[in-house]
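Down below is the structure, laid out as C-alpha cells.
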Amino acid sequence: MHITRLKLIQFRNYEQLDIPFYPGVNVLYGRNAQGKTNILEAIHICGSGKSFRVSSDSKTVMDGKEGAYLFAEYLEEEEERSIEVLLRRDRKKSLKIDGIPAKNMRELLGNLFVVIFSPEDMKMAKEAPALRRGFLDGEISKIRPSYVDALKNYAKIIAQKNAVLKKQSGRDIGGVLDAFDAQLAGYIRIILKNRHSYTEKLNRLVRETHRAISGGEEEISIEYKATIPEDAIPEALARCRQRELAEGGCTAGPHRDDLEIRLNGKDIRVFASQGQLRTLMLAVKTACLDILRESTGHTPVLLLDDVFSELDRTRKQNLLKTLEGIQTFITTADDADARLLSRARLFYVENGKVREMKKKTK
Ligand SMILES: Nc1ncnc2c1ncn2[C@@H]1O[C@H](COP(=O)(O)OP(=O)(O)OP(=O)(O)O)[C@@H](O)[C@H]1O
C-alpha cells in the first residue's frame, strides 16, 4: 500500500497542507524545527490513531486553535482508500474510514498499516522492560486487533487482584485470589502465545536484516523472557501465592516479562554503541514491517525519522537496499543524505510549508 495524498488543517505548524506522495522513497528535507517530523506524526495518527511522540492529541492541534483535521488518501492494491481524523481539544477524536464514520479506535486498526522508526525507539532497547512489552503489544495488536481485549482484561484483573492483596490485613482471601487466578490464566495463555510466537518471528527476521545492514559483522538474538511458563500457568500462579501475600501485589505474569536482546552474545543494554543501537532498531522495525506484510498481505508504509545520523555510509547504503518496494518517508536535515537517495522524491520543508523539488537528486 502507499499514500498518494496528505491533507492537514491546523495540525502542529501546518495551517493548511495538501501534498501528493509517491510509491518508493519520499524524502522530507529541511532545517531543524520546520515540520518534517510533524508530517510523519500525521501519517502515523492516520494509521494507528495515535501520535508516536505525545500521549495527548490536543498537543498536536495548532497552538491557539480548537481542532485539527487530517486526511490520508492511499492505494491498497488498485483500490483507492482514505482515512480522516478530526482532533478536538476538549473532545474525543472522531474518524472516518473510506468516508464512513468509525465507531471506535479499534475499527481503525487493520486499514492503513504504518511502521515508524524514530530516535525515541532507541530507548526501547536500553531502558525499562515496560517499553519492550509495549512495543511487542503494539505490533501484535496491528496484526490481531482482538489481542487488545485480552491485554485490557488482563490489566483490569491484575489491578483488582493487587487492590485485594494490598488491603488483605490478615483476612482469609484465598478463595478470592483463586477466582482471580482462574480468570487470569485464560488471558495469560492468549498473551504468552502471541508474544512468544511474535518474538520467534522477530528473532528470525531481525537476524537476517541486521546482517544485511551491518554487512554481516554482528550477530543479534532476541528472546522472550517469561516469568510464567506457557505450559504450566495455573501451577505457576499457585506457586506465586505465598510471595504475593507477603509482598501485597502480583509478582509474576506478562506484566513482569521482558525481551532479552543480545549482540554478539552480550546484553545490548550494557554494551552497544549508539550506531549499533540504531542499526539494531532499524533491523527490528524492518522485521516488524515484514511480519505485518506476511500476516496481512499488505506492505505497510515505513516512516523513518532522522535515521541517518550515527550510521556510517556503508550502513546507510545497505539500509536503502532493504527498502525496495516499500513506500518510505525519510526525514533529514542533511543535504548529503538527501543526495544519497538518488531515486527518491524530494520535498523541501520550511516553516510549515512543503514544496516538492521536481528535479530528482543526483
Ligand atoms: N501544536 C503546535 N502548534 C504550532 N506549532 C507547533 C506545534 N507543535 C509543534 N510546533 C512547531 O513545529 C515545529 C517542529 O516541527 P518538527 O518536530 O516536525 O521539526 P523537524 O523539521 O522534524 O525538526 P528536526 O530536524 O529538528 O527534527 C516547531 O517549529 C514547533 O514550534
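The values are calculated or read from the model by the stated rules, or taken from the named source; none is laboratory data. Note that this is a predicted model, so its numbers are computed, not measured. All Cβ positions, even for glycine, are placed from backbone atoms using ideal geometry, and neighbour counts span all protein chains on display.
Can you confirm whether ALA128 is without any contact (Cβ under 8 Å) to a residue 40 or more places away in the chain and in the same structural domain as ALA252 (by TED's automatic domain parsing)? Yes, satisfied. Taking the criterion of being surrounded by 16 or more Cβ atoms within 10 Å (Cβ to Cβ) and either within 15 Å of LEU6 (Cα to Cα) or within 9 Å of the ligand (Cβ to nearest atom) (or both), the residues of region 57-68 that qualify are THR60, VAL61, MET62, ALA68.
In region 49-64, what residues are in a helix (DSSP H, G or I) and within 19 Å of the chain's Cα centre (by Cα)?
Result: ASP57, THR60.
Every condition in (1) crowded, with 16+ Cβ neighbours inside 10 Å; (2) within 16 Å of the ligand (Cβ to nearest atom); (3) of a type outside the set (S, T, N, Q); (4) over 30 Å from MET124 (Cα atoms) holds for VAL27 except the one numbered (4). LYS93 meets all of the listed conditions (1) assigned by TED's automatic domain parsing to the domain that holds ILE3; (2) touching a helix residue (DSSP H, G or I) at 6+ places or on another chain (Cβ under 6 Å); (3) assigned to a helix (DSSP H, G or I) but one, namely (3).
Which one is farthest from the ligand (Cβ to nearest atom), of the residues in region 31-56 that are exposed (fewer than 15 other Cβ atoms within 10 Å of the Cβ) and in contact (Cβ under 8 Å) with a residue 60 or more places away in the chain?
Going residue by residue through region 31-56, those that are exposed (fewer than 15 other Cβ atoms within 10 Å of the Cβ) are 31-33, 54-56.
Retained after the next criterion (residues that are in contact (Cβ under 8 Å) with a residue 60 or more places away in the chain): 31-32.
On the way: ARG31: 7, ASN32: 3 Å.
Here the residue is ARG31.
Checked against (1) more than 12 Å from the ligand (Cβ to nearest atom); (2) more than 20 Å from ALA344 (Cβ to Cβ); (3) over 23 Å from the mean Cα position of the chain (by Cα), ILE19 passes all but a single condition, namely (2).
Of the residues in region 243-262, not one is in a helix (DSSP H, G or I) and of a type in the set (Val, Ile, Thr). Residues in region 252-286 that are of a type in the set (S, T, N, Q) and touching a residue at least 12 places away in the same chain (Cβ under 8 Å): ASN264, GLN274, GLN276, THR279, THR286. Taking the stated definitions as given, is TYR74 within 16 Å of the ligand (Cβ to nearest atom), touching a residue at least 24 places away in the same chain (Cβ under 8 Å) and not hydrophobic (A, V, I, L, M, F, W, C)? Considered against the rule, which asks whether it is within 16 Å of the ligand (Cβ to nearest atom), touching a residue at least 24 places away in the same chain (Cβ under 8 Å) and not hydrophobic (A, V, I, L, M, F, W, C), TYR74 comes out as no.
Selection of strands (runs of 3 or more DSSP E) fully inside region 286-355 by the criterion of at least 3 residues being surrounded by fewer than 22 Cβ atoms within 10 Å (Cβ to Cβ) returns 345-350. When region 96-125 is filtered for residues that are loosely packed, with under 15 Cβ neighbours inside 10 Å and part of a loop (DSSP other than H, G, I, E, B), the ones remaining, listed by number, are ASP98, GLY99, LYS103, ASN104.
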